[in-house]
Structure formats: C-alpha cells, structure tokens
Amino acid sequence: MKNKIRLFIVYNLLLKFLLISLINAQNIFSFTPQGFDSTRTNIPCGKIDTIYYKSKTVGTTRRAIVYIPPEFSNNKKYPVLYLLHGIGGDEFEWLNNAKPNVILDNLYVENKIKPMLVVMPNGRAMKDDRAVGNIFDSVKVQAFTTFEKDLLNDLIPFIEKNYPVYTDREHRAIAGLSMGGGQALNFGLRNIDKFAWIGAFSPAPNTKKPEELIPNTEEVRKKLKLLWISCGEDDNLIFVSQRTHDYLLKNDIPHVYYMQPGGHDFNVWKNDLYNFVQKLFK
Ligand code: FER
C-alpha cells in the first residue's frame, strides 16, 4: 500500500513537472495565433503619429513614426520601445510590412501587453536617408552606426519632451530586425544605463563580435531585464545569432535564444514582435 502511495506521488510530481515545462516552452515558442494581425472592429485602437525632430547629429530634420497605445492619456506615463528597421528599410518598414499597430492593439485588448509607445525611426543617419541605390554602400552602412548618436542625443530627448513617457532605463526598450537587430545589440549593450530590454530579430553582420559587444559580462548579467536573440532557421545570417548565443552561454548571461522555422523575412519578424512585446516592462 505504502509503495502504491509513493508511486502515485512520484507519478503526480512527474506529471506536474512535464506540464510546467510544456507551458514554459509554449510561453517562448508560441507561434502567432490566427488573426493576431487582423484588424478587429469594436476594440480600442491605438494611433499612428508622424513626428519630425531636429537632428544635431545629421544636421537635418528627420522623420519617425510613433504608435500611441489605445486609451492613451496625457495624465499617465508610458514606457517606450524603439523599433528599428533593416538594411533596405526606412521609418515606414515595420508599419508597411508588419501592421505593428494592429498586432499591439489585439494584444492590448487581451491584456497581454503593457500599454507602450513604439517609436519607429529611420536608422540610416545621413542627410539622404532613403533606401535607394546600392543599400550595401559603405557610406549607407556607416550611417547605421552613426544612428547611435542621433537616437541618444536627438530622438530620445525629443520623445521625452513631447510625450508623457518614463525616462528611466527600466521603461526603455530597443529592438530591431536584421541591421536594426545589430543596432539594438550594439547600442543597447553599450548603453545599459539607458536600456533594460533588448531584442535582436535576425541580427545582421553589423553586430559587433561577442567580446567587443559584451566586455562587461558581470554588469550585463546583473542589469539586463531581457536579452532576446532570435533567427529563422533557414536564414544565411544565423551565424551572427549563433556566435552571440555561444558567448552568452559561456559567460552565464541569461537570454532568450529563439530559433524559429523560416528565413530572413517578415513572417519571422512579426512572430518576434508578437512574442517580444509580451515580455516587456513586466
Ligand atoms: C551583410 C548582410 C546582410 C550586411 C548586412 C545585412 C552589413 C543586412 C540585412 C538586412 O538588414 O536585412 O553582409 O552587412
């Protein structure tokens, strides 16, 4: 009899462990459900602002897109996600290809995200920042590096002056796709006093080499709230994610490493956005 009870307890514990693992795994590895990016009627909707800010870095007035969450109020304060585009994109790339406003509106109505502003800038910090001609031209690629200054010294101060947002690191996130993923890692990890949440979706070879990217392993281990690296399994750039992940593992730095089916495209990045924003500011 005693043995039977013992067996019963062990069996139950095992079952519980299995269920918890399954739920946890699903938390990270859940593919977008049907309708996640379909416009719903009769739900509160966010709004899209187009803003223009003076850039001392570039010497021009630059444009960015801002998603304002549903039920926005000037009497509240909001956290901010800075969401960056890829090498062939500009400030409209996310909006035109991923419907981030619809994805976030749907998550908000289901109580799955904190209300947040999403700022989508142009990460090619040069006078002519259009994605025309040879987008791999070294001057244009260099402009993705210059954007760190524009972001920190021009855009973030503009947002914080013109919107009711929190200004501490724990209420500021940076993420991006491909070149923007490299920027999110390079800028976020170098300015850990400014960003507590970092997401790299299929980061490109502009991502610094691991030793250069994270010389301060102890600080990163202690201070980061979320470090998210993901990539499509069939993406040619997967070596960038892999080498960064290996270094993080070796140095015991907690992070999400999310390999998903797919290539270098918006199916992957929409799935990233859907999952990443649910983890922010919580
Ligand atoms: C490269 C390959 C791809 C590179 C950048 C990319 C700077 C960027 C791709 C993208 O943003 O989609 O060698 O070098």
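May I ask you to verify whether Pro205 is in a loop (DSSP other than H, G, I, E, B), more than 15 Å from the ligand (Cβ to nearest atom) and surrounded by fewer than 24 Cβ atoms within 10 Å (Cβ to Cβ)?
The answer is no for Pro205.
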**OP:** Kindly provide the set of residues from the stretch 134-146 that are more than 10 Å from the ligand (Cβ to nearest atom), open to solvent by less than 70 Å² (accessible area, probe 1.4 Å) and of a type outside the set (Ser, Thr, Tyr), ordered by number.
**Re:** Asp137, Ala143
Subject >> Complete set of residues in the stretch 168-192 that are in a helix (DSSP H, G or I), away from the ligand (no atom under 16 Å from the Cβ) and open to solvent by less than 10 Å² (accessible area, probe 1.4 Å) >> reply: Gly188, Leu189
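Let's see how each residue does on (1) over 19 Å from Ala175 (Cβ atoms); (2) out of contact with any Phe, Trp or Tyr (no Cβ under 6 Å at 6 or more places or on another chain); (3) more than 16 Å from the ligand (Cβ to nearest atom); (4) hydroxyl-bearing (Ser, Thr, Tyr):
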{"position": "Pro215", "(1), (2), (3), (4)": "yes, yes, yes, no"}
{"position": "Phe239", "(1), (2), (3), (4)": "yes, yes, no, no"}
{"position": "Thr244", "(1), (2), (3), (4)": "no, yes, no, yes"}
{"position": "Lys279", "(1), (2), (3), (4)": "no, yes, yes, no"}
Subject >> So Asp252, is it outside any helix (DSSP H, G or I), open to solvent by less than 20 Å² (accessible area, probe 1.4 Å) and acidic (Asp, Glu) >> reply: no
Original post:
Quick check: is even one residue across the stretch 147-166 within 16 Å of the ligand (Cβ to nearest atom), in contact (Cβ under 8 Å) with a residue 24 or more places away in the chain and part of a helix (DSSP H, G or I)?
Top reply: yes
**OP:** May I ask you to list the residues in the stretch 42-70 that are open to solvent by less than 40 Å² (accessible area, probe 1.4 Å) and among the aliphatic types (A, V, I, L, M)?
**Re:** Ile43, Ile51, Val58, Ala64, Ile65, Val66, Ile68
Subject >> Tally of residues being away from the ligand (no atom under 16 Å from the Cβ), touching a residue at least 12 places away in the same chain (Cβ under 8 Å) and either closer than 23 Å to Lys270 by Cα or assigned to a strand (DSSP E or B) (or both) across the stretch 56-89 >> reply: 15
**OP:** Considering only the stretch 147-158, state which residues are crowded, with 20+ Cβ neighbours inside 10 Å and under 18 Å from the mean Cα position of the chain (by Cα).
**Re:** Phe147, Leu151, Leu155, Ile156
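The values are calculated or read from the model by the stated rules, or taken from the named source; none is laboratory data. If you're wondering where the values come from, they're calculated on a predicted model, not measured in any experiment. Every residue, glycine among them, receives a Cβ derived from its backbone with ideal geometry; neighbour counts consider all protein chains shown. When the accessible area is computed, the model is the full protein with side chains, heavy atoms only, and any ligands, DNA or RNA have been set aside. Shrake-Rupley method; radii C 1.70, N 1.55, O 1.52, S 1.80 Å.
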